[in-house]
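Here is the structure we will look at, set down as structure tokens.
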Amino acid sequence: MFRFCNVITLVLSVMLGSAAYADDKVPVVASFSILGDIVQEIGGERVTVSTLVGANADAHVFQPAPQDAKRVAEAKLVVTNGLGFEGWIDRLIKASGRKPMVVVASKGINPIKSKDDHGHGGLDPHAWQDVGNVKRYAATIAAALAKIDPEGADDYARREAAYQAKLDALDAEIKASIAAIPVERRKLITSHDAFGYFAKAYGMTMIAPQGVSTETEASAKDVAKIIRQIKAEKIPAMFLENVTDPRLIEQISRETDIEIGGKLYSDALSAPDGLAGSYIAMMENNIREMKKALLP
Amino acid sequence: MMYDFLIAPFVEFDFMRRALVGALALSLGAGPIGVFLMLRRMSLVGDAMAHAILPGAAIGYLFAGLSLGFMTMGGLIAGFVVALLAGFVTRVTVLKEDASLASFYLLSLAGGVTIVSLKGSNVDLLHVLFGSVLALDDPTLILLAGSATVTLVFLALIYRPLVLECVDPGYLRSVSKSGALVHLGFLVVVVLNLVAGFHALGTLLAVGLIMLPAIAARFWTENVGGMIGVATLIGIVSSAAGILVSYHAGLPTGPTIILAAGSLYILSIILGARNGLLWPALPRRHLEA
């Protein structure tokens, strides 16, 4: 019902509005906060980035508002994650009535299969949890920006190279941190399976009480399985995420007497002045919380 | 074998015991509420009130996150305001109750959605209000049990005028002025049960646990007291069955409880001792002579 109303208001607002940008910066729309940060890093002063799904919000259940369609209509470039993460984006672009260039940031990465295929077409979309994938995201985005704005190509290439160096440092830092944690304690439990790529890239085991999408409701069988597993494998700690329901994690913690570690950021950044204001800050926050809880 | 299926899950897991206790507490209050709603031809009022509560709870969530107190207060306030306004408009204008209730719950829903989006957050109302029957902590259980207690005591106090208003509101009006007050008090208890229910099952599913057992009970007895007993029993059986099926088959728990109640409802339509579909179809022996 809400969705249908949204589409109507979208169409109306696009027909009425859509003023042109006054300055000559390149308008770019990113589907969610993490991509927005990466685009900003590479685009720098030459672009204005607006983000559809903002800080601390859940892209799985996003409802576009009229001004979202307006921003899409005004954008020259739309950056999406792909892998079924933003099920609503195609309709939004169609409803905006324009044809901005659309680039799928996850193009060329090696996708992993999700455990169950609720809503994501069988692929796990949370690829940015592996820094190696984000290096590819950065290259893809830089190429797209250079195509839209050829005059800035050198600038984008320079900024991309600087960002790639920061990502390399981040990757090395994560690997060093994980190496310090004893192998039998490298286990991660959070409230939804957002860390599949992280676990695969950095050698951790991941267990989650829900399916891969935050839309599904857990069954008693799943919860029982996890409690048994925590008890059997002596898992040291579990973590909260910034976008999912913490009540279930708290119940499991009560029942197994394991500690609840700090808050991990999975699908969205925090507000700019928060603990995870940028992609790099987010990954650093997560690894810091993991070290706190998992180091013996 | 029976032990493994029925008892062992509750012995092994604390969350299973909590889910059972919570759902049982909810069934105790829901049984009588549902029967009176049905007898007063207000079966859809529960659904309307559930929508009226939703925005209040969502606003509570916006202010304080997943706080039991704020979400409960928000839901109660929104529910009471809608019930009072609808009652008032019904008494002083020509509108029937269903019409005024429909307009006020729609206003409440639209107002809630607007406030939520003004705050700039993408909280999906239905997502937040997905109850989590598997994650009931102590305060939530106390709220559920407290709501059931208040409901039962209150209904016992107003039982006579309430039954009278169901069957003959004109007569009640001629002997007592309590009719309006009883009606309002009843709506307050309905709101209380829906708010308690959304912590366990989510608002819309909570309506299911209130209405389905009551409607099913209609097929087993014509006596109001008996109907309340049967409805409560059906609620309890569906709760336990739903939780167990969710455990063994890996289905989401809240909807499974409602589906269990729905199955009992369909069984009752067919097999019910009163007006069940099956009995007229069978040849009746005592008519042969």
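The values are calculated or read from the model by the stated rules, or taken from the named source; none is laboratory data. Quick caveat, the model's predicted, so the values are computed rather than measured. No Cβ is skipped: glycine too gets one built from the backbone with ideal geometry, and neighbour counts run over all protein chains shown.
Could you please let me know if B:Gly79 is modelled with pLDDT of 90 or more and closer than 25 Å to B:Pro161 by Cα?
For B:Gly79, the condition - modelled with pLDDT of 90 or more and closer than 25 Å to B:Pro161 by Cα - is met.
Within 13 Å of the chain's Cα centre (by Cα), touching a residue at least 12 places away in the same chain (Cβ under 8 Å), crowded, with 21+ Cβ neighbours inside 10 Å and over 24 Å from B:Thr253 (Cα atoms): which single residue out of B:Thr151, B:Thr203 fits that description?
Answer to the check: B:Thr151.
Taking the stretch A:25-75 only, how many residues are part of a strand (DSSP E or B) and touching a Phe, Trp or Tyr at 6+ places or on another chain (Cβ under 6 Å)?
Looking only at that region, the number is 2.
Quick one: B:Gly65 ticks every box in (1) closer than 20 Å to B:Asp138 by Cβ; (2) away from chain A (no Cβ under 14 Å); (3) among the small types (Gly, Ala, Ser) bar one, so which box is it?
(2)
Of the residues that sit in the stretch A:245-276 and are β-branched (Val, Ile, Thr) and within 11 Å of another protein chain (Cβ to nearest Cβ), which one is farthest from A:Ala220 (Cα to Cα)?
Here the answer is A:Thr256.
Considering only the stretch B:258-277, I want to know if a residue exists there that is under 30 Å from B:Tyr61 (Cα atoms) and among the β-branched types (Val, Ile, Thr).
yes
Quick grid of which residues meet (1) within 14 Å of chain A (Cβ to nearest Cβ); (2) farther than 15 Å from B:Ser27 by Cβ; (3) not aromatic (Phe, Trp, Tyr):
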{"position": "B:Ala196", "(1), (2), (3)": "no, no, yes"}
{"position": "B:Leu209", "(1), (2), (3)": "no, no, yes"}
{"position": "B:Ile215", "(1), (2), (3)": "no, no, yes"}
{"position": "B:Leu233", "(1), (2), (3)": "no, no, yes"}
{"position": "B:Ile236", "(1), (2), (3)": "no, no, yes"}
{"position": "B:Val245", "(1), (2), (3)": "yes, yes, yes"}
{"position": "B:Pro252", "(1), (2), (3)": "yes, yes, yes"}
{"position": "B:Ala260", "(1), (2), (3)": "yes, no, yes"}
{"position": "B:Ile269", "(1), (2), (3)": "no, yes, yes"}
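Would you kindly identify the helices (runs of 4 or more DSSP H) lying entirely within the stretch A:99-207 that contain at least 3 residues that are under 30 Å from A:Ala224 (Cα atoms)?
Values: elements: A:131-148, A:153-180, A:196-202.
Output list reads A:196-202.
Name the residues in the stretch A:268-286 that are part of a loop (DSSP other than H, G, I, E, B) and either of a type in the set (S, T, N, Q) or in contact with a Pro (Cβ under 9 Å, 6 or more places away or on another chain) (or both), would you?
Residues of the stretch A:268-286 part of a loop (DSSP other than H, G, I, E, B): A:268-278.
Those that are part of a loop (DSSP other than H, G, I, E, B) and either of a type in the set (S, T, N, Q) or in contact with a Pro (Cβ under 9 Å, 6 or more places away or on another chain) (or both): A:Ser270, A:Ser278.
Is one or more of the residues making up the stretch B:183-197 closer than 27 Å to A:Asp222 by Cβ, touching a Leu at 6+ places or on another chain (Cβ under 8 Å) and part of a helix (DSSP H, G or I)?
The answer is yes, given that some residue of the stretch B:183-197 is closer than 27 Å to A:Asp222 by Cβ, touching a Leu at 6+ places or on another chain (Cβ under 8 Å) and part of a helix (DSSP H, G or I).
Applying the selection to the stretch B:26-52, what residues are charged (D, E, K, R) and in contact (Cβ under 8 Å) with a residue 24 or more places away in the chain?
If the condition is that a residue be charged (D, E, K, R) and in contact (Cβ under 8 Å) with a residue 24 or more places away in the chain, then B:Arg40, B:Asp47 are the ones that fit.
I want to confirm something. Restricting to the stretch A:137-181 and keeping residues that are hydroxyl-bearing (Ser, Thr, Tyr) and in contact (Cβ under 8 Å) with a residue 60 or more places away in the chain, which single residue is surrounded by the most Cβ atoms within 10 Å (Cβ to Cβ)?
A:Tyr137
Return only the number of the condition from (1) closer than 26 Å to B:Tyr3 by Cα; (2) hydroxyl-bearing (Ser, Thr, Tyr); (3) surrounded by fewer than 22 Cβ atoms within 10 Å (Cβ to Cβ) that B:Thr221 does not satisfy.
(1)
Between a residue in the stretch B:5-25 that is away from chain A (no Cβ under 12 Å) and any residue that is among the hydroxyl-bearing types (Ser, Thr, Tyr) and buried (at least 19 other Cβ atoms within 10 Å of the Cβ), which pairs come within a Cβ distance under 8 Å, given they are 6 or more apart or on different chains?
Correct list of pairs: B:Leu24/B:Ser239; B:Ala25/B:Ser147.
Contact list please: Cβ distance under 8 Å, first residue in the stretch B:160-179 and of a type in the set (Ser, Thr, Tyr), second residue part of a helix (DSSP H, G or I), pairs at least six apart or on different chains.
Within 8 Å, the pairs are B:Tyr171/B:Leu164; B:Ser176/B:Pro161; B:Ser178/B:Pro161; B:Ser178/B:Leu172.
The conditions are (1) in a helix (DSSP H, G or I); (2) closer than 25 Å to B:Thr72 by Cβ; (3) modelled with pLDDT under 85, and B:Val133 fails exactly one of them. Which is it?
B:Val133 satisfies every listed condition except (1).
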